[in-house]
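Written out below as structure tokens is the structure these notes cover.
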2 protein chains.
Amino acid sequence: MINNTNVEKLLINYKTLEQFKRFKEYGNQELSMMEDLQNNIVENNSESPFYGIYFGHNLIARMSLYRMKAKYDNYFSPAQDYLELWKLEVLPDYRGQGYGKIMVDFAKSFQLPIKTNPRINSHGFWEKMGFQKAQYEMERDLGQNPLIWLPEGVSEKDV
Amino acid sequence: MINNTNVEKLLINYKTLEQFKRFKEYGNQELSMMEDLQNNIVENNSESPFYGIYFGHNLIARMSLYRMKAKYDNYFSPAQDYLELWKLEVLPDYRGQGYGKIMVDFAKSFQLPIKTNPRINSHGFWEKMGFQKAQYEMERDLGQNPLIWLPEGVSEKDV
């Protein structure tokens, strides 16, 4: 039963970075944030591209969202600012309870088109969320399987 | 025991596309190739970005390689043409027998820098192949964990 679940912007600090280690898609991005914090290149509690949901003191879901500029838009028509979404992940004990949908609904609330490159086997989830396969264009997509979400009035760019 | 193993450029035809279905990373790219073939947008036996190894009549390993133009190079110094490598995969029954290394050595034989974005848990393999973590740069790398290979005289671009 989910009540009063808030999606929060996550700040870069040792506590958050420690919690990130529980997520499977912990990678270069997190290691780089840790190094920047240790070397005082970023201040404690500076903004991160991550959003997440806390259950008590535990971070149980997270994703990165980054606003791409219209001039780099190769996916939508008309060309416009859009969101890249990556590393959407809910910890195993909390799956199947709607947290993934809360995260995606949060991303949609910006009313910008969204592009993601999902992990293998998560296509069923993304379809339920209203995402569709983008046409594959090798020079643009390389090893990706891009999925896109179109808000009203936006269509896919023809490739 | 591997003797006379050749890495071949794979042509787009129904037989190859059928064999691709055995690989875990079958995705938009392969589906798009199938549609193009069915709709006569590409001719039978036209070139693909895939290379592979056959064992008898079976394709047992494959990868995509694509030459990126120097003007899009954000990873290497001096900026130059480089190879994007993706979907390197050896079928389960043939792993641990050196086929992955044969594929990577083939990619290296072009004597261009290589960039890849490996799947989680394959870092040990890439390290053995002489690849190193690229510095993470969010605007450039988004959800990727880029690894690079530097031929002699090439270094990583400072970000």
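The values are calculated or read from the model by the stated rules, or taken from the named source; none is laboratory data. Everything numeric in this text was worked out from a predicted model, so none of it was measured. As a convention, Cβ positions derive from the backbone with ideal geometry for all residues, glycine included, and neighbour counts pool all protein chains shown. Just so you know, the surface numbers come from the protein's heavy atoms only, side chains and all, with ligands and any DNA or RNA stripped out. Shrake-Rupley method; radii C 1.70, N 1.55, O 1.52, S 1.80 Å.
Surface analysis of region B:1-83 yields an accessible area of 56 Å² per residue, using protein heavy atoms and a 1.4 Å probe.
Indicate the gyration tensor shape class of region B:1-128 (rounded, prolate or oblate), computed on the Cα atoms with a ≥ b ≥ c the square roots of the eigenvalues: a/c under 1.5 is rounded; otherwise a/b larger than b/c is prolate and the rest oblate. Oblate, since a/c reaches 1.5 and b/c is not below a/b. Between helix A:99-108 and chain A there is an angle of about 60 degrees, using the helix long axis and the longest principal axis of the Cα atoms.
Name the shape class, rounded, prolate or oblate, that the alpha-carbon gyration tensor gives for the protein assembly as shown, where a ≥ b ≥ c are the square roots of its eigenvalues, rounded holds for a/c under 1.5, and otherwise prolate holds if a/b is larger than b/c and oblate otherwise. The shape class here is prolate. For region B:82-143, the relative contact order is 39 percent, taking Cα pairs closer than 8 Å that sit 6 or more residues apart in sequence and dividing their mean separation by the residue count.
Between B:S109 and B:T5, the contour length at 0.36 nm per residue exceeds the Cα-Cα span by 35.9 nm. Placing a label point 7 Å from Cα along the Cα-to-Cβ axis, B:K101 is separated from the same position in the other copies by 5.0 nm, shortest listed first. Over what distance in Å are the Cα centres of region A:25-39 and region B:8-55 separated? Here the two parts' Cα centres lie 38 Å apart. Restricting the chymotrypsin sites (Phe, Trp or Tyr not before Pro) of region A:84-144 to loop positions (DSSP other than H, G, I, E, B) with no more than 16 neighbouring Cβ atoms within 10 Å leaves A:F110. Loop-located trypsin sites (Lys or Arg not before Pro) in region B:39-75 (DSSP state not H, G, I, E or B) with no more than 12 neighbouring Cβ atoms inside 10 Å: B:K69.
Solvent-accessible surface (1.4 Å probe) assigned to A:K24 amounts to roughly 120 Å². Cross-link partners of B:K15 among lysines, defined as those whose alpha carbon lies under 27 angstrom from its own and excluding same-chain residues fewer than eight positions apart: A:K133, B:K24, B:K87, B:K101. A point 7 Å from Cα along Cα→Cβ stands in for B:N6, and the other copies hold the same point at 6.5 nm, listed in rising order. The string of couplings for region A:117-134 from the Karplus curve (6.51, -1.76, 1.60, θ = phi - 60°) is 10, x, 5, 3, 6, 10, 5, x, 4, 5, 5, 4, 7, x, 7, 10, 5, 7 Hz, one whole number per residue in order, with x for Gly and Pro.
Applying 1/(1 + (r/R0)^6) with r as the Cβ-Cβ distance of A:K24 and B:D81 and R0 = 25 angstrom yields a FRET efficiency of 0.15. With the whole protein complex present, A:S155 retains an accessible surface near 60 Å², based on a 1.4 Å probe.
Placing a label point 7 Å from the Cα of B:H123 along the Cα-to-Cβ direction, the residues of region B:132-159 whose backbone N falls under 15 Å of that point are B:132-137, B:144-148.
To the nearest ten degrees, helix A:28-38 and the longest principal axis of the Cα atoms of chain A are 40 degrees apart. Using C-alpha pairs under 8 Å with a sequence gap of at least 6, the mean separation divided by the residue count of chain B gives a relative contact order of 20 percent.
A probe of 1.4 angstrom, applied to the heavy atoms of all protein chains, finds B:D36 with accessible area near 50 square angstrom. For region B:63-94, a decrease in accessible area of 40 Å² or greater in the assembled protein chains relative to the isolated chain, with a 1.4 Å probe, applies to B:Y66, B:W86.
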